[in-house]
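The structure under discussion appears below in the form of structure tokens.
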Amino acid sequence: MNSKTEYAAETPQDTSGRAPAAGELRRGRLGVIAIVFLVVAAVAPLGSVIGGSPVMFAAVGVTTPMMYLIVGALFAIFSVGFVAMSRHVKNAAGFVAFIAKGLGSRFGGALAGVAVLGYIGLVCGIWALIGGIAELTMADLGVQLPGWLWWLAGLIVVTALCYTGIDVSLKVLGVLVALEIAALLFLALSVLMQGGATGALEFDAFVPGNIVPAGAGIAILFAVTCYTGFEATVVFSEEAKNPSRTIPRAAYIAISIIGVFYAFVTWAIANGWGSAEVQAAAQADPIGFVYVVADTYGPPWLSSAIGILMLTSSIAMFIGFHNLLSRYLFSLGRSGMLPAVFARTSASGTPRVAVLAFSGAVLVVVGGFLLAGADMMSVIYSWLTSMGTVALVVVLLVTCVAILVFFAGKGAAHARIWHTRIAPAIAGIGFLAVGVLAILNYDALLGGAGDIARWLLLLIPIVFVFGWVRASQRRAAGKELVFEDSPL
């Protein structure tokens with residue numbers, strides 16, 4: 001039986017809501033709101049504001065909110081071509097399926113390796129960060145336990161929820177995301193209703209002339225990491241209700257929410273410190289930067305509540321990422337890139353083998369660093385998230401190229417110049433610039449970790465070559481990787 005026949009046998013043939021057979025995801029379970037929640041959970045609003053925004057404020061000062069809007073505009077432009085092509089590609093392999101559709105299966109196999117590497121690096125790094133934060137936060141509450149134990153407990157909880165199925169995951173995720181968004185909005189409104197540090201609201205954040213050129217590159221890089229869960233919009237397309245409508249709507253809504261929300265909250269925080277003081281405050285105390293604003297403008301309990309929600313919201317983030325990556329691995333197993341066992345699903349359509357495999361990868365990577373004596377925050381977090389960010393920017397760049405090539409060839413009949421030429425080209429140039437910034441500012445991404453961490457970047461070309469060779473071998477054997485549209 002050839003690979004196309006195998007693929008057809010494994011893929012659902014309708015969207016009737018029937019129980020999925022072995023080897024298929026359950027169709028028609030996710031609406032627009034569910035997918036948006038998965039994306040927003042993966043970008044971790046509370047964690048990004050507390051952990052990421054101080055770095056951006058330290059780099060560009062009061063114009064940090066504008067950085068979120070600039071990067072949001074880049075992703076919105078990318079979404080134009082992405083949405084146009086999403087009507088032709090509905091596959092849990094996400095952007096890898098786009099790349100294979102436009103550039104061929106060997107490029108698909110090569111970038112599949114880069115994408116998986118990027119997500120593993122990003123997720124493992126953030127797991128280490130949360131473990132370190134949990135140790136500090138709980139110690140303040142009188143609970144003295146090492147960070148690695150909090151990380152391991154969290155990993156077990158997230159794995160159990162994802163293994164049970166996405167329906168249960170979504171219920172937990174929805175509550176946690178709602179709470180963290182509510183906490184940030186409460187903080188922002190508390191500042192604005194009191195007029196901020198000067199007693200009158202300031203809008204210096206949105207004056208282009210106030211941008212600090214020397215720090216703009218770092219600020220943009222950190223802003224890009226706040227959109228890394230965006231790929232969930234296409235990864236969950238096989239499980240979406242009416243994908244042709246659900247995916248475009250979810251994409252635009254998610255981008256709008258992320259960009260506007262981050263800009264609004266950080267604008268309020270900038271007002272809390274005052275335009276003249278905010279950059280120096282972020283440089284002096286990045287860890288307590290947001291908490292000081294909460295103590296100053298909120299009720300006595302707000303700062304402690306944000307600290308606790310920082311930990312609980314991380315569970316929502318990891319639920320989003322682990323569900324996303326398990327679908328990735330499932331699709332790669334179905335295509336032939338990974339062993340077929342990854343494509344097995346439960347009676348409810350949950351890719352349980354892939355769920356366990358990804359959690360196992362996190363266990364091995366983070367556990368390996370810990371056994372080697374690496375610090376959770378200064379080494380594991382900075383090294384792995386930096387490498388992961390660069391890898392995912394490479395995937396976004398190649399996806400733009402694939403969209404351009406697809407609509408110049410097989411998809412030319414469907415082409416509209418803005419959607420299929422101009423927007424993807426602008427987005428491609430934008431992501432190329434981000435990639436260059438990442439390399440030039442890699443020391444800042446690493447937090448001054450030194451030269452050793454740069455060697456991790458070599459993993460990107462290594463997995464690219466491995467994926468290319470894997471796809472070429474299957475092609476030579478008459479079993480070419482299949483990243484075709486899933487019949488819906």
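The values are calculated or read from the model by the stated rules, or taken from the named source; none is laboratory data. All values derive from a computational prediction rather than experimental measurement. Reconstructed Cβ throughout: ideal geometry from the backbone, glycine too, with neighbour counts over all protein chains shown.
Take the conditions (1) within 25 Å of residue 304 (Cβ to Cβ); (2) crowded, with 24+ Cβ neighbours inside 10 Å; residue 118 misses just one of them, which is (1). Could you say whether any residue in region 33-41 is crowded, with 24+ Cβ neighbours inside 10 Å and more than 15 Å from the chain's Cα centre (by Cα)? No, region 33-41 has no match at all. Figure legend. Inter-residue proximity from region 350-367: first residues within 19 Å of residue 164 (Cα to Cα), second residues among the charged types (D, E, K, R) and modelled with pLDDT under 95, beta-carbon distance below 6 Å, spacing 6+ or different chains. Indicated pairs: 353/344.
For region 95-115, the set of residues classified as in contact with a Lys or Arg (Cβ under 9 Å, 6 or more places away or on another chain), of a type in the set (A, V, I, L, M) and either modelled with pLDDT under 90 or surrounded by fewer than 24 Cβ atoms within 10 Å (Cβ to Cβ) (or both) consists of 97, 100, listed by residue number. Per the conditions (1) among the aliphatic types (A, V, I, L, M); (2) more than 16 Å from residue 266 (Cα to Cα); (3) surrounded by fewer than 18 Cβ atoms within 10 Å (Cβ to Cβ), the sole criterion not satisfied by residue 218 is (3). Could you tell me which residue of region 140-149 is nearest to residue 291 (Cα to Cα), considering only residues that are under 29 Å from the mean Cα position of the chain (by Cα) and assigned to a helix (DSSP H, G or I)? Step by step, filter region 140-149, then rank; the result is 147. Pull up region 72-92, narrow it to residues that are in a loop (DSSP other than H, G, I, E, B) and either at pLDDT 85 or above or surrounded by 24 or more Cβ atoms within 10 Å (Cβ to Cβ) (or both), then point me to the one that is nearest to the chain's Cα centre (by Cα). Here the answer is 92. Can residue 416 be described as surrounded by fewer than 20 Cβ atoms within 10 Å (Cβ to Cβ), modelled with pLDDT of 80 or more and of a type in the set (D, E, K, R)? Taking the combined requirement at face value, the residue does not satisfy it.
Search region 303-337 for residues being over 25 Å from residue 180 (Cβ atoms) and in contact with a Lys or Arg (Cβ under 9 Å, 6 or more places away or on another chain), and hand back the single one that is surrounded by the most Cβ atoms within 10 Å (Cβ to Cβ). Restricting to residues being over 25 Å from residue 180 (Cβ atoms) and in contact with a Lys or Arg (Cβ under 9 Å, 6 or more places away or on another chain), the top hit is 330.
The set of residues in region 190-210 that are surrounded by 13 or more Cβ atoms within 10 Å (Cβ to Cβ) and in a helix (DSSP H, G or I) comprises 190, 191, 192, 204, 205, 206, 210. Here is a check on your reading of the model: is residue 172 closer than 30 Å to residue 87 by Cβ, in a helix (DSSP H, G or I) and of a type in the set (Val, Ile, Thr)? Considered against the rule, which asks whether it is closer than 30 Å to residue 87 by Cβ, in a helix (DSSP H, G or I) and of a type in the set (Val, Ile, Thr), residue 172 comes out as no.
Set side by side, the residues 366, 390, 379, 353 differ, and just one is under 22 Å from residue 155 (Cα atoms) and within 19 Å of the chain's Cα centre (by Cα), which is 366.
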